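Remarks on the structure that follows.
Bear in mind that the values in this text are calculations on the coordinates, not laboratory data. Quick caveat: nothing in here was measured; it's all calculated off a predicted structure. Every residue, glycine among them, receives a Cβ derived from its backbone with ideal geometry; neighbour counts consider all protein chains shown.
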């Protein structure tokens, strides 16, 4: 498209700070979220860098013990509640859901804007807690440590997380209603892109799980503030009840982080293999199965906490069962490559990297579901390695793949391909070097959240810190070239990848109303090979 | 009808799609509310079964008469709310306003009685925390009052929000925003109000009546 | 202890079982991991785009047979893992009858341990090789977790209740003891050592002891004193009384409660009955006992519970004494 006759799009439809802060356009709200979570990601990364520096030597010499405890706590809180949970849903889900189903916006645009403000208020409380001394309970807030023993700013952090929860709830409600009622003519349930199915499952978890963590955090806050004793053994309260309520949300929350990434991978693999997805209905169904089963396995975080043997067995068998739908997805993606016509642009590299890392993360999850083995590796670096493979190797790889894949659509600019491929390689190598040694550390018995550790664990910790520095570069490089591309990148056409999907049939970036006319859908999802390039 | 097209937001194709979306929206939202109260109910049921004696003894210190009165008040408010919804469906502006105002008044009476009950708990030193004092009782009775305040408090917050929503609806009705074709906000407000009611229908027997001889 | 290695020492009877399961799962995971990675790499190379011509082969969209296969096979394999893991877990949960008891109290940030003979230790645990040991554990403040990697065992130490753990050491040596549940500032300093000794060395250590501080009365004796001092004995007479039931021989038995339900008398029930006597009243008695919460610390509670456990009917005790005596003669 010629620059001179540049069309009106959502970015240049209106100008000024006011037009952004009061916008109800899902695409602009997605950009607001993108900026906020990027800031939170960088904050969480700073904490991670300090943690890895401290662990370079066995003695606790870089920071004090209290400081270290605050660092890993705030790393967890910021990365989970303020980066990973909103990452793909609030940025890419927000941007793409209406486009993918052929709608002009989400069902409740004002609620959508409200959810961003709620997120910002929650983030403000949490940042305030960080500035006024931080919090040292671990992101899990286990009682009675968090209610009676900790001398840090638990209350402000709890309020921050409580508030941010409502941002998730509002987003979930909005997505579910939008997917149910706003689909374009012809966009039947089984023509929906798998990205949409993944977000539907994610939203279910958001609306069913988040209220429980909200009320749990509320009880925690009340107990901390007024000593009401719900989790205090001195008054007959049960500290283990907190763990049950906490993990009832926080285990499914893992699926809030990983399911959207799985949706992203389905989009990217089909596009760059030029293949229709193998086993569409099985992938869609497995998303829902994960969402449902995910609510029944929380007890596997508590195999060593005085749980009865029978309860532990039930949670164990269900935890193995929830691994099956994930395996089904991996096999289906692999089969999609068969007889494809595959190219290896950066998003594809991130997606293939996702498959590799998620497979390792998922398989090591089985180790933790196996009762007798979990007793040994529970609360060790094995667990740390496992959930980083899922949440960083999986969720974050998916997020980076998605940002690259839809960057032209969001900004109207192409990023430079060569550094993007290099960054994908750096992230993959750096990640494995950081976290694979931690599996070994865990089986050796190094407990997590240790500020100082016995000397024999040092070699593996040095490897891990080395890997982390490579990983850090892998994250910084995209930040540079993506910002660079906003001014200097090649102008993107409507469908730079030759991808199927309604979002590619409108301009890049799309106009405020998304489509010139409501699109009518006549094909199944991923109708590769594309018939002809068409732009509505 | 020009007034009708103006009430359809730009993202919707027509009024029916808008109505479907907002109705589904409120139902999904109520599911999240159930999950939220569910956390508290779970804690209550678990502790009640662990310490049945302590909880039964503590619940004797609640004023069942006032609780019953409040139940009647709240049930009546559901009736007036239903009448308001009905009036809005047939396009009766003043019927809608009257139903809503009666509902608001009843809601405020409920909150007033609740406030009185809270105040007397303060006087009797039955508020959990450093000043809690129930002579001769087991320590778990404090747990009962913690849950009592948490559950009825969360319910009262919902009532306050509900009164605010209804007041907004009154203003909208007075400004002729509703007619026989467009009255969805009243229905949604009604669903929310009924939900808050139903929560109380569970709270009252659980807290006031169970174990009372 | 302080040398670099990639695999931890195995020094308990359970360690071999855990390692066996671990190696099985490594083998299965490696197989599937390499299978997926190999397929992805192979398919990526084999079907890389060679020209702009689009693939014209008929699309292969799904295959029910394949889908069922890769749903059922992983499920079956995972059930094997489940069964194996559960059976190891059950072994871990059931201490053998002849296990020696050791009491553990965790507090920020130290481990306090006491042997049944009364010998106390802090952050150190001496045990004989080849003898099953049962740990009865509680916490004075927040949740801790008792973890000995070389034994592959771990259990949370939770305030307000008892949790147990057992092991049988198989190799003489010194092993790490860690706190595995985050418990505050010096969490990483709440570590110690387990010394596994030859039985003869252990006996020597037990009878020796450096300084009198480490030597104190056996818990059961402390409990006997407390039972008299706190006035328990006035109501809980051996022959029973109007006020309270006899406690002789109740441990391990099932009692009917005033509420109509039944309860097995275990350590947790005894503890609860001391601290919160009204909670579970035995049928036929009035709720008249005052609470002892705040009057006993965790170690005194453990001693009292231990004393009540030791109360056996007189003739039963005689029989067991005779049996021991007979055994002694036979061995002699």
Stokes-Einstein D for segment C:244-299, Kirkwood Rh over Cα pairs, 4 °C, 1.567 mPa s (µm²/s): 109
Test item: A:338-346 mean partner chain Cβ contacts at 10 Å: 5
Segment A:1-149: radius of gyration and largest Cα-Cα distance (Dmax), Å: 19.8, 65
Inter-centroid distance (Cα atoms) of segment B:6-25 relative to segment C:6-44, Å: 54
Structure-based [θ]222 nm, chain A - -39500 (n - 2.57) summed over DSSP H runs of at least 4, per residue, nearest 500: -21500 deg cm²/dmol
Ranked A:161, A:268, C:191, criterion: other C-beta atoms within 10 Å, fewest first: C:191, A:161, A:268
Dimensionless Rg over Rh [chain C; C-alpha; Kirkwood]: 1.14
Spin-label model distance (nm) - residue A:19 vs residue C:241, 7 Å beyond Cα toward Cβ: 8.9
Computed FRET value (nearest 0.05) for residue B:120 with residue C:261, which takes r as the C-beta separation and R₀ as 56 Å: 0.95
For the protein assembly as shown: Kirkwood Rh in Å [reciprocal of mean 1/r, alpha carbons]: 31.9
Principal-axis tilt of helix C:219-229 within chain C, Cα atoms, nearest 10 degrees: 50
Least to most buried among B:30, C:226, C:64, A:204 (fewest other Cβ within 10 Å first): C:64, B:30, C:226, A:204
Degrees between helix A:109-131 axis and first principal axis of chain A (Cα, 0 to 90, nearest 10): 30
Residue-averaged 222 nm ellipticity for chain B, from DSSP H runs of 4+ at -39500 (n - 2.57), nearest 500: -26500 deg cm²/dmol
Spin-label model distance (nm) - residue B:157 vs residue A:288, 7 Å beyond Cα toward Cβ: 3.4
Kirkwood Rh in Å, taken over all unlike Cα pairs in chain B: 19.0
Order of A:85, A:297, C:172, B:170 under a 10 Å beta carbon neighbour criterion, fewest first: C:172, B:170, A:297, A:85
Cα centroid of segment B:43-57 to Cα centroid of segment C:250-296, whole Å: 16
Efficiency of FRET between residue A:462 and residue C:7 - r from beta-carbon atoms, R0 22 angstrom, step 0.05: 0.70
Helical contribution to [θ] at 222 nm, DSSP H n ≥ 4, -39,500 (n - 2.57), averaged over chain C, rounded to 500: -13000 deg cm²/dmol
Degrees separating the helix C:314-331 axis from the principal Cα axis of chain C, which is the longest one: 70
Protection proxy ranking, peptides B:54-60, A:417-423, A:325-331, C:101-107, average beta carbon neighbours within 10 Å, highest first: A:325-331, C:101-107, B:54-60, A:417-423
Paramagnetic reach from residue A:488 in segment A:424-466 [backbone N under 13 Å; point 7 Å along Cα→Cβ]: none
Spin-label pair residue C:201/residue B:23, simplified geometry with 7 Å Cα→Cβ offset, distance in nm: 8.0
